[in-house]
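The values are calculated or read from the model by the stated rules, or taken from the named source; none is laboratory data. Being a predicted model, the structure only gives us computed values, none of them experimental. Cβ atoms come from the backbone with ideal geometry, glycine included; neighbour counts cover every protein chain shown. Each accessible area value is taken on the protein alone, full model and side chains, heavy atoms only, with ligands, DNA and RNA left out. Shrake-Rupley method; radii C 1.70, N 1.55, O 1.52, S 1.80 Å.
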Amino acid sequence: MNLRLGTRGSALATAQSGQFADAVVAAASTAGGEAAVELVKVTTKGDIDRGSLVGLSQTGVFVTALREALLAGECDFIVHSLKDVPTQPYPGLEVVAIPEREDPRDVLCTDGRTLAELPEGAAIGTGSPRRAAQLLAVRPDLDVQPLRGNVDTRLSRIGDGLDGVVLAAAGLNRLGRGDDATEPLSVEDMVPAPGQGALAIEIREDAPDELRTLLATLDHTPTRAAVTAEREALRVLDAGCAAPVAAHAVVTGGRLTLHTRVIGNDGTLALNERNSGVLAEAAAIGRSSGFSLLGRGAERLMGRA
Ligand SMILES: NCc1[nH]cc(CCC(=O)O)c1CC(=O)O
């Protein structure tokens, strides 16, 4: 099979698409067949028109352009960072696989000092309200600064106006820059974004069975259950990737435990909800967590009521 994988041109997109392409080739050979995967660069509106991103929800800008290229037949499948994918399904496409996830944690990158070692008032960069609020909950003295741009740009700011930045471990690891992480932040102090560290593989609904079957072999059941719960909570809370909503599910021994957190912007107030059950109930666990949080005033905390 000759396959075209549509990807953005950023370093992270290229790295994760390339790594997934290798996994597809290996899976085909394990199945006794053969596949060749060609990376097709899709230029997205967000890549061309960076200025317009300010104030816009990041969610969807990059994802939509890739999806349009897939629907138009410019490629056969696409790879998304799941945390950037809106929760509503996209007509004509289906998520055929969610591979085993990378480290879901956020990490602090500094000149070597841990969060506890940073001096009072240290400047930490992050563009994420979720990260900002949780940092301030642990260290109210920190000077949290807005930060945008790709992973390289963000890392280059350490020692240049910032004492540190917070990034996803998965992104650093996929770029081969895991050593730039000074300290992984615990999933208790810094609950990750729903779906963080996971990828979603999409095809057209009318894709050939051979392609669907091959990609489906790369689905990872525990990861799919975990991210299903996390994203259902997010969907019920009606929040995007820019919202101060965090959700992290752990699967052990056939059971799934979901921790969902909604945080006020200054980090002083947070609502936490924990729910668990069997994997088959993943979606229901996420939904009930989301509804509990709404019942407890999550909308007020998110500034919507
Ligand atoms: N919002 C940007 C983004 N989207 C996906 C990742 C990499 C981590 C992942 O795959 O979840 C990143 C960078 C970051 O948050 O540091």
Any residue on another chain or 5+ positions along whose placed amide H is under 5 Å from the amide H of D106 is listed here as A169, L185
With all protein chains present and a 1.4 Å probe, the order of R296, R105 from largest accessible area down is R296, R105
Full extension between E210 and E94 adds, at 0.36 nm per residue less the Cα distance, a length in nm of 40.3 nm
In Å², rounded to a whole number, the accessible area per residue of the chain with probe 1.4 Å is 44 Å²
For the pair S156 and R255, the simple spin-label estimate (label points 7 Å beyond Cα toward Cβ) gives in nm 4.9 nm
Reported to the nearest 10 Å², H259 has, with a 1.4 Å probe, an accessible area equal to 10 Å²
With all protein chains in place and a 1.4 Å probe, F20 shows an accessible area in Å² (nearest 10) of 10 Å²
In the chain the DSSP beta bridges are antiparallel at a rate, in percent to nearest 5, of 70 percent
Put K83, K41 in order of accessible area, largest first, probe 1.4 Å, and you get K41, K83
Using alpha-carbon positions, the gyration tensor of region 154-195 gives root eigenvalues a ≥ b ≥ c; with a/c under 1.5 called rounded, otherwise prolate if a/b exceeds b/c, else oblate, the class is oblate
Subtracting the Cα-Cα distance of V138 and T221 from 0.36 nm times their residue separation yields 26.5 nm
Here region 98-106 yields Karplus 3J(HN,Hα) values (6.51, -1.76, 1.60; θ = phi - 60°; whole Hz; Gly and Pro given as x) of 10, x, 4, 7, 6, 3, x, 6, 8
HN-Hα couplings for region 215-231 via Karplus (6.51, -1.76, 1.60; θ = phi - 60°), in whole Hz with x for Gly/Pro, come out as 5, 5, 5, 8, 6, 10, 4, x, 5, 4, 5, 4, 6, 4, 4, 4, 6
Yeah, region 147-305 with a ≥ b ≥ c from its alpha-carbon gyration tensor (a/c under 1.5 is rounded, else prolate when a/b outruns b/c, oblate otherwise) is oblate
Counting only protein heavy atoms and leaving out ligands, DNA and RNA, the solvent-accessible surface of V37 at a 1.4 Å probe, in Å² to the nearest 10, equals 40 Å²
For the chain, Rg(Cα) over 2.2 N^0.38 Å is 1.00
Note, region 200-211: 3J(HN,Hα) by Karplus (6.51, -1.76, 1.60, θ = phi - 60°), whole Hz, Gly/Pro = x, goes 10, 9, 10, 10, 6, 4, 9, 4, x, 4, 4, 5
With -39,500 (n - 2.57) per DSSP H segment of 4 or more residues and division by the full residue count of the chain, the 222 nm estimate, nearest 500 deg cm²/dmol, is -9500 deg cm²/dmol
Order by accessible surface, 1.4 Å probe, largest leading, for residues D141, D179, D22 comes to D179, D22, D141
Carbon/sulfur accessible area of region 149-257, % of total, 1.4 Å probe, equals 47 percent
Of the accessible area of region 70-113, computed with a 1.4 Å probe and all protein chains kept, carbon and sulfur make up a percent value of 48 percent
Check: C-alpha center region 87-107 vs C-alpha center region 146-183, spacing in Å is 23 Å
To the nearest 20 debye, the chain has a Cα-centred charge dipole, built from +1 on Lys and Arg Cβ and -1 on Asp and Glu Cβ, of 680 debye
Amide H neighbours of A249 at under 5 Å, excluding residues fewer than 5 places away on the same chain, with H built from the backbone geometry, are H259
